[in-house]
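The values are calculated or read from the model by the stated rules, or taken from the named source; none is laboratory data. Note that this is a predicted model, so its numbers are computed, not measured. When we count neighbours, we look across all protein chains shown, and the Cβ atoms used for this are built from the backbone with ideal geometry, even at glycine.
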Amino acid sequence: MHPRPPLPRRSIPTAPLWSWTPQWAASPASFYQQQAPKAVANFIGLAEGAIDWTDPANKKKQHHKPFYDNTTFHRVIPEFMIQGGDPTGTGMGDPGFSFNDEFDPT
């Protein structure tokens, strides 16, 4: 099997580098803050516990508690994306709010 070539980059990351340590290895992630400012701010705010969220299991509001602690990121595609972060582990949980998609016209 041949290694997959890197995906072409249309733009350069414009926000801090984030790193987490899943069970297999430390993994850095870059953010595209200019292209998706709401998504970046939401992810970082939830990760740091700066954004309040509702626990999907007990429906209680959580304050100053990181949303992603002890959650599984079940889909990681290097050089492209990560998916996961459901505290219930079922794929059905969310932080109790949503926001509109952001589209980069470039």
Taking interchain pairs and intrachain pairs at least six residues apart, which have beta carbon atoms under 6 angstrom, with the first residue in the stretch 79-90 and farther than 16 Å from L46 by Cα and the second aliphatic (A, V, I, L, M) and at pLDDT below 75?
-> E79/L7; F80/L7
Residue among A47, A36, A41 that alone is in contact (Cβ under 8 Å) with a residue 24 or more places away in the chain, out of contact with any Asp or Glu (no Cβ under 7 Å at 6 or more places or on another chain) and among the small types (G, A, S) = A47
